[in-house]
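Undergrad: This is the structure I want to talk about, given as structure tokens.
Just so you know, all these numbers are worked out from the coordinates, no wet-lab data involved. Because the structure is a prediction, the values reported are computed rather than measured. No Cβ is skipped: glycine too gets one built from the backbone with ideal geometry, and neighbour counts run over all protein chains shown.
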Amino acid sequence: MLKRVIILTSIILFTGCSTQFLYDRLDWMAAQYVDQYVSLNDKQESMLKQSVNEVKEWHRQKQLPTYISYIDRVLLLKPSEVNVSQIGKEYDQLKGYSRQIAIQVMPHLYDLFMTLDQAQGDELFVSLQEKYQEEYADYKDLSEEENRDKSYKRMVKILEKWIGDLSATQDRNVKQWSLERPLMSHEWFNQQLINKAELQVLFLQRNESSAFKNKFSTTLLEPENLYTQQLKVKLQQNSAITVDMLVQVIQQMSPKQLDHYHDELRDWRKIFVDIASK
């Protein structure tokens with residue numbers, strides 16, 4: 001759940017907050033999200049909201065200007081010049097933004113984690129188990145063909161959000177990607193159970209030592225340390241196949257698609273400028 005709070009915060013603060021209204025109400029949204037997993041008392045809820053507001057102000061002052069500069073740079077990129085190396089660098093840049101948020105959030109999550117009592121801990125781990133099973137249920141009974149078709153449609157939706165309707169060639173690129181990428185739903189489900197078990201161990205081992213605090217932070221900030229070798233291999237394969245597909249789609253962008261993409265970026269830039277200047 002705590003890792004999910006980090007992800008939620010990252011998404012809302014960077015890629016999911018499309019209006020000032022949502023940004024201003026992030027504390028309420030975070031409380032509602034956490035409530036799906038564990039019931040907080042009044043003091044804990046107040047602690048959570050205060051923490052979110054502190055992170056939000058840090059994000060407004062320190063991160064949003066960085067995002068604006070990033071968009072300004074990306075607007076100058078020419079699709080024909082995009083290659084595998086550059087896509088990798090851009091991915092690392094965006095991932096770095098999320099990690100910076102996670103690092104900022106971590107001390108607040110630690111403080112909240114330390115206040116949970118046994119009943120809340122039990123509720124949290126039952127909720128996580130149910131959530132993982134619910135998510136896995138959407139995939140476990142699908143045939144390979146159905147699973148790959150679901151991936152194809154999801155990717156098309158993402159790409160069309162950013163560049164508009166795909167050409168026939170681009171659509172084939174995405175279809176081929178969906179046929180080549182490794183299926184990982186089973187491995188992800190098992191990995192989530194491993195992560196949950198590690199969080200349960202941390203809950204049982206809680207103490208005020210700096211060693212425990214470091215272990216807590218490392219576990220949540222570097223979950224890949226818990227990944228099975230099979231999952232690591234599949235993730236590497238998926239990353240390579242996805243980057244290759246994106247390079248092809250980007251290099252084939254039409255002037256109309258490029259305009260659509262630039263309009264999306266400028267819309268985000270305006271949102272960030274408006275929020276940062278409040």
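Undergrad: Quick one: net charge of Tyr110's neighbours, Cβ under 12 Å, K/R +1, D/E -1?
TA: Taking every Cβ under 12 Å from that of Tyr110, the sum is +1.
Undergrad: Taking Cα centroids, how far is the range 47-86 from the range 212-230 in Å?
TA: First find each Cα centre; the distance between them is then 25 Å.
Undergrad: Before rounding to the nearest 500, sum -39500 (n - 2.57) across all DSSP H runs of length at least 4 in the chain and divide by the residue total; then give [θ] at 222 nm in deg cm²/dmol.
TA: -26000 deg cm²/dmol
Undergrad: Each residue of the range 70-82 in order: what ³J(HN,Hα) in whole Hz does its phi give by Karplus 6.51 cos²θ - 1.76 cosθ + 1.60, θ = phi - 60°, with x for Gly and Pro?
TA: Values, residue by residue: 5, 4, 4, 6, 5, 4, 8, 6, 9, x, 5, 9, 6 Hz.
Undergrad: For the chain, with the dipole built from +1 on Lys and Arg beta-carbon atoms and -1 on Asp and Glu ones, taken about the Cα centre, which of Trp268, Leu179, Ala197 lies farthest toward the positive end?
TA: Positive-end residue among those listed: Trp268.
Undergrad: Lysines near Lys213 by alpha-carbon distance under 19 Å, same-chain residues fewer than 8 away left out - which ones?
TA: The reachable lysines, counting only those whose Cα sits under 19 Å from Lys213, are Lys3, Lys196.
Undergrad: Say the cut-off is 22 Å between C-alpha atoms; which of Lys49/Lys161; Lys56/Lys95; Lys95/Lys234 go over it?
TA: Flagged as over cut-off: Lys49/Lys161.
Undergrad: Hey, could you get me the Stokes-Einstein D for the chain, Kirkwood radius over alpha-carbon pairs, 4 °C and 1.567 mPa s, rounded to whole µm² s⁻¹?
TA: This corresponds to a translational diffusion coefficient of 62 µm²/s.
Undergrad: Moving on. Starting from the Kirkwood radius over alpha-carbon pairs of the range 175-265, derive D by Stokes-Einstein at 25 °C in a medium of 0.890 mPa s and give it in µm² s⁻¹.
TA: The estimated diffusion coefficient comes to 149 µm²/s.
Undergrad: Taking the Cβ of Gly96 as the center, what net charge do the other residues with Cβ under 13 Å away carry, scoring Lys and Arg +1 and Asp and Glu -1?
TA: With Lys, Arg at +1 and Asp, Glu at -1, the net is +1.
Undergrad: Now for a separate question. Please find, in a Gaussian network model of the chain (springs between Cα atoms separated by less than 10 Å), the residue of Asn195, Asn225, Asn53 whose mean-square fluctuation is greatest.
TA: Asn225
Undergrad: Springs between alpha-carbon atoms under 10 Å, Gaussian network over the chain: tell me which of Tyr152, Tyr91, Tyr67 tops the mean-square fluctuations.
TA: Tyr91
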